[in-house]
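Here the structure is laid out as C-alpha cells; the discussion comes afterwards.
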Amino acid sequence: MKNMKRRLAGVILAAVLALNLSACSSGGGTAPVLTVAGQEVTLGETGAGVFSLTEFEMAIPGEGTPIGMMPGKSWLSSFMTLKKDDSSYAYLYVYNPGRDEVMVTSATIYKLSFSMHSEESEASYWAEDNALVNGVNYFGMNADGIKETMAEFKVLSEDSNYLSYKDGKYTYRFELDESGIVNKVEVEMDIDKSYS
C-alpha cells in the first residue's frame, strides 16, 4: 500500500511537471497592446491595415510603399516605416501566418519598435506623441521606472544601457541613452521563421 501511494504520488508529480513544461514551450504570455498614433495594436493579432493608407505613409526602406502580396506562411525580412504628418511613429515588422496570400499592408504585426522624440538629436523626426506599451508612456523614464513597470515579467537583461524582459513568447527591449533615459523601445512576438 505504501509503495502504491509513492508510485501514485510520483506519477502525479511527473504529470504536473510535464504540463508545466508543455505550457512553457508553447509560448504563452499576454499579448502586448501598443497604442500608436491613437490606433491599438495587439501583437500577433492586429494587421498593419489598422493604419489607413489615407492617413499614414507606410514604406519599406529603399522600396517605397508596399503594394505587393505576401504569400501564406511567410514573414517580411525588412521593416516598414510608419509616418504621419512628416513624423515617424514606428517600425512595423509583419508576417502572414495563414495559408492564403494577403496584401503586405494587411499582414499581421509581430514586432514594433520606436524611438523617443528629442529636439537635441537625430531623433527629432520621431513623433512627439510616443507609442504606449500596455498603456505606459516610456518617454522620459529611467531604468528604475522601467523595472517597476516590468516587475511581473522575467528579466533577460538589466545592463546599464539595455533592459530586456520576457513574457512567454513576447519580448520587451529598452535602450537607454547616455543619461539613463529611454530612447528606444522594441516589443516582439516570437514567430516561426523557418518558412520563407
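Once the stretch 75-196 is represented by equal point scatterers at the alpha-carbon sites, with solvent omitted, what log10 I(q)/I(0) does the Debye formula produce at q = 0.12, 0.15, 0.22 Å⁻¹? So the normalised log intensities are -0.49, -0.75, -1.29.
Quick check: from the Cα gyration tensor, does the stretch 31-103 come out rounded (a/c under 1.5), prolate or oblate? Cα axes put the stretch 31-103 in the oblate bin. Rolling a 1.4 Å probe across the protein heavy atoms gives the stretch 59-196 an accessible surface of 52 Å² per residue. Residue ranges 53-60, 156-163 sort as 53-60, 156-163 when ordered by packing (mean number of other C-beta atoms within 10 Å per residue, highest first).
Gain on full extension, evaluated as 0.36 nm per residue between V33 and D129 minus their Cα-Cα distance, stands at 32.9 nm. Projecting label points 7 angstrom from Cα along Cα→Cβ for D190 and S160 puts them 3.1 nm apart.
The values are calculated or read from the model by the stated rules, or taken from the named source; none is laboratory data. In this text the structure is predicted, and so the values were computed from the model without any measurement. Note that we place each Cβ from the backbone using ideal geometry, even for glycine, and neighbour counts take in every protein chain shown. Just so you know, the surface numbers come from the protein's heavy atoms only, side chains and all, with ligands and any DNA or RNA stripped out. Shrake-Rupley method; radii C 1.70, N 1.55, O 1.52, S 1.80 Å.
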